[in-house]
Amino acid sequence: MNALRDRHAARLLVIDAADRLLLFRFDPGDRPPFWATAGGECEAGESYEDAARRELLEETGIAAEPGEAVDARDSIFVTFEGEKVHAVERYFAIRVAETAIDVSGHSDMERRAMREHRWWTADELAACEERYYPPDLPDLFARQREEAA
């Protein structure tokens with residue numbers, strides 16, 4: 001049996017001044033759509049912090065420092081390319097004043113799969129009927145709001 005490739009990734013809890021969380025709606029086509037944070041795979045030799053900074057700029061147009069990771073996750077999932085991987089993720093909470101999102105830095109795959117984004121309040125996220133990732137995202141978001149209070 002072949003071992004799964006470790007896919008190291010930085011995930012971003014981008015929170016605005018109104019305490020709303022930025023999520024992107026992913027529609028991969030081969031499974032139901034879902035909402036998830038910005039972020040992505042670390043490039044070869046790239047730290048989680050560097051990946052967080054790069055992904056934030058590429059996916060939102062916002063330049064900001066990620067600070068230290070606020071959470072770590074390991075899971076198994078299938079990438080949009082169909083590869084089953086062992087996801088090794090670090091989450092970074094980034095507070096931003098700017099809410100305008102610039103998606104001009106998206107890759108071709110991101111343009112196909114990430115056509116929608118929005119800022120969510122905690123109540124809106126709790127009432128969301130579509131899937132979101134990670135499954136405990138409301139709790140992770142609540143912890144960041146509590147720490148900022």
A correct Stokes-Einstein calculation for region 19-149, using the alpha-carbon Kirkwood radius, 10 °C and 1.306 mPa s, returns a whole-number D in µm² s⁻¹ of 103 µm²/s
Per the Cauchy relation, a quarter of the hull surface: what is the mean projected area of the convex hull of the alpha carbons in region 24-89, in nm²?
5.1 nm²
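If r is the Cβ-Cβ distance from E130 to T79 and R0 is 25 Å, what FRET efficiency results, to the nearest 0.05?
The computed FRET efficiency comes out at 0.80.
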Residue order, fewest to most beta carbons within 10 Å, for E124, E110, E65:
E65, E124, E110
Nearest 10 degrees is fine. How inclined is helix 48-60 to the longest principal axis of the chain, computing both from alpha carbons?
70 degrees
Between D123 and V70, take the C-beta separation as r, use R0 = 25 Å, and let me know the FRET efficiency to the nearest 0.05.
0.70
To test your reading of the geometry: what angle, between 0 and 90 degrees and rounded to tens, separates the Cα axis of helix 137-148 from the longest principal axis of the chain?
40 degrees
Can you tell me which of 10-22, 38-50 comes out highest on packing, and rank the rest after it, using the mean Cβ neighbours within 10 Å?
10-22, 38-50
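Rule-based calculations on the coordinates, nothing more; no lab input. Just so it is clear, the model here is predicted, and its values are computed rather than measured. Neighbour counts run over all protein chains shown; Cβ positions are idealised from the backbone, glycine included.
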